[in-house]
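Data block below; observations after.
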Amino acid sequence: MTGMRWVFIFSTLVSTVVFTARSQQPQECAGVSCEAAASGLRAFSDPSPQGLRGNGRACADCHIPSEHFQLSPASAEARYLYWQLRRQFDPAADDPLFRPIDANDFRSNGGQANDYTNLRELALIRVTFPLPPNVKLVDFSTGNTTAESSVDVWRAVPSVQNVALTGPDGQNPVARGPNSAGGYQRDARFGSLQEQARAAFQSHQELIDEPSQALLDDVAAFEKTVFSSPRAGALADGVRQGLAPLPNADPPLTEVETKGKVVFARACAHCHGGAGMSTTPLPVVVRYHDTATSCPRPVDTANPPRFVYAQCPPLLENNVRTYEFTTAAGQKIRRASDDPGRVLLTGFVGGAPPTDDWNKFDVPGLRGIRHTAPYFHNHSAATLEEVVDHYIAFFNFVRAQQPPGVFPPVASTNGVAFDRQIQPEEKAALVAYLKRL
Ligand code: HEC
Ligand code: HEC
């Protein structure tokens with residue numbers, strides 16, 4: 001299989017090369033120089049590109065090409081077990097996926113850390129943020145704020161497929177940056193693939209040398225050629241060329257899948273819109289969202305409960321930290337989350353729900369989504385069926401927050417009816433459609 005997928009990538013490169021060579025143009029692959037893309041591909045799987053010194057990891061150790069350029073728990077665990085097996089015979093055996101910075105006990109044991117629970121069981125990677133000046137962490141046992149100036153959150157490795165279709169798009173900006181109209185990473189904190197690659201080299205690969213701009217450009221060029229299917233690639237071509245209408249990236253659909261597409265348009269596309277399915281196209285719906293994927297999740301006290309989210313596994317509950325925010329008015333607000341998303345960039349809580357940055361994430365693209373389970377920033381949904389169940393709870397939750405008879409655009413197509421909800425009989429069709437993207 002690995003071979004097959006590489007063939008797809010290479011044949012895409014090669015066929016584009018052949019096509020453009022015939023037309024006597026400089027060789028172009030998916031809108032970038034083929035030479036740059038080829039060099040970026042080499043750097044992507046090279047632990048020391050251009051001889052730069054790091055921790056022995058390459059981009060491809062986490063964004064595994066044979067796994068649709070992401071990392072699944074099954075593959076992290078298999079690699080861990082194989083590493084341990086090899087260590088029985090060779091104490092120096094190494095797998096660069098496992099570096100102390102991504103061990104659970106890194107903060108207490110530093111370079112000796114070796115508890116890889118989050119990585120093995122959920123394929124989660126440590127991402128560290130400096131705390132905004134008005135934010136403190138709360139000690140779990142004493143309830144007092146701590147002297148910590150940074151916080152660790154644990155995030156799943158997104159695919160780099162289709163990044164040419166996602167990222168900043170200039171549409172429907174929010175009030176606060178960074179990247180008020182879309183970006184890369186789960187919180188959209190980077191505005192370009194170059195900026196993203198530089199940060200990845202420094203944080204995940206612990207490079208001690210500065211990567212050159214040319215290297216970053218090449219990596220970005222390569223990433224722009226990586227698609228989940230030739231259809232997604234053709235769509236990106238269309239976007240680049242400004243075609244109207246854009247090519248349809250869906251394959252031929254069955255009757256059931258077509259029904260699912262109609263459900264998607266009503267229940268999902270107001271957030272997962274645009275060519276990348278990652279743009280919130282309506283100015284009435286805010287660009288970044290809290291879709292209650294963080295842990296712990298809201299629990300309804302009404303009986304019978306009006307909404308029921310799946311409970312988070314204990315492992316994710318262990319990653320929860322309590323934050324204390326001091327608002328501009330001097331008010332202190334405490335909230336708990338395994339990953340509060342964009343608020344770590346802005347420190348802004350306490351406004352009306354759409355303006356508050358707590359637990360807000362960028363909307364990810366969905367092309368090729370069947371290949372990249374589990375889902376959400378913390379891998380808390382194992383399957384697309386679980387994702388859809390989560391959204392059923394989400395719409396019920398939104399309804400429960402509102403005064404009777406008032407429905408915000410996120411749950412209503414006309415502000416009057418609660419009609420974006422997925423009905424039980426629509427679930428199978430929606431999942432069938434998602435599996436065709
Ligand atoms: C240790 C594992 C690891 C390594 C090594 C790694 N990444 Fe990532 N990558 C991640 C994680 C985790 C995220 C999500 C981080 C976040 O949202 O804060 C991510 C996010 C990304 C994204 C954003 C995708 C999107 O849709 O927004 C891109 C692009 C990317 N990585 C490219 C790279 C490149 C290029 C390299 C090598 C220079 C690299 N990564 C190395 C784990 C890794
Ligand atoms: C209110 C905006 C909003 C709506 C409506 C919405 N989504 Fe999402 N979606 C998001 C955000 C934000 C995330 C990122 C959450 C995270 O990473 O924790 C996301 C994540 C996802 C993911 C996980 C992607 C991944 O790579 O892990 C899937 C799948 C998904 N949504 C499908 C859907 C479907 C299907 C619907 C319709 C039933 C839908 N979404 C409706 C905002 C929305």
*Most exposed first by the Cβ proxy, i.e. fewest other Cβ within 10 Å, how do 301, 322, 166 rank?*
301, 322, 166
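Return a whole-number percent for the relative contact order of the stretch 34-183, with Cα pairs under 8 Å and 6 or more residues apart as the contact set.
17
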*Describe numerically, in nm with one decimal, the distance between label points set 7 Å from Cα along Cα→Cβ at residue 243 and at residue 213.*
3.3
_So for each of 329-339, 224-234 I average, over its residues, the number of other beta carbons within 10 Å; can you give me the resulting order with the highest mean first?_
224-234, 329-339
_Segments 207-216, 153-162 sorted - mean Cβ within 10 Å per residue, highest first_ = 153-162, 207-216
_Test of understanding: what is the full-extension gain from residue 203 to residue 262, defined as 0.36 nm times their sequence separation minus their Cα-Cα distance?_
17.1 nm
*Mind sorting 79, 367 by how few other Cβ atoms lie within 10 Å of their own Cβ, fewest first?*
79, 367
*asked:* Give me the extension gain from residue 311 to residue 414: residue separation times 0.36 nm, minus the current Cα-Cα distance, reported in nm with one decimal.
replied: 33.9 nm
*Anisotropy class of the chain from Cα gyration tensor, a/c 1.5 cut*: oblate
*Just the isolated ones, please: cysteines in the chain lacking another cysteine beta carbon under 4.7 angstrom.*
59, 62, 268, 271
*Determine the relative contact order of the chain: mean sequence separation of Cα pairs under 8 Å and six or more apart, normalised by residue count, in whole percent.*
17
*asked:* Students often check this: by mean Cβ neighbours within 10 Å, which of 260-271, 45-56, 133-144, 371-382 ranks highest, and how do the rest follow?
replied: 371-382, 260-271, 45-56, 133-144
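Would you mind calculating the relative contact order of the stretch 74-122 from Cα pairs under 8 angstrom and at least 6 residues apart, reporting the percent as a whole number? Kindly include the intermediate steps, with their values, before the conclusion.
Working: 49 pairs, mean separation 17.3, N = 49.
Reported as a whole number, the value is 35 percent.
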_Zone residues, the stretch 200-243, relative to residue 435, backbone N less than 13 Å from point 7 Å out along Cα-to-Cβ_ = none
*For an R0 of 56 angstrom, estimate the FRET efficiency from the Cβ-Cβ distance between residue 48 and residue 355 and round to the nearest 0.05.*
0.80
*Cα-based Lys pair tally, the chain, threshold under 18 Å, eight or more apart or on separate chains*: 6
_Taking the Cα centre as origin and putting +1 on Lys and Arg beta-carbons and -1 on Asp and Glu beta-carbons, what dipole magnitude results for the stretch 57-123, to the nearest 20 debye?_
80
*asked:* Under a crude label model (7 Å from the Cα following the beta-carbon direction), how far is residue 94 from residue 299 in nanometres?
replied: 4.6
*For the chain, what is the mean residue ellipticity at 222 nm derived from helices alone (per DSSP H run of n ≥ 4: -39500 (n - 2.57); sum divided by total residues; nearest 500 deg cm²/dmol)?*
-10000 deg cm²/dmol
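Computed from the coordinates by the stated procedures, all read-outs in this text should not be read as laboratory data. Only a predicted model underlies this, so the values are computations on that prediction, with no experimental measurement involved. All Cβ positions, glycine included, derive from the backbone under ideal geometry; neighbour counts span all protein chains shown.
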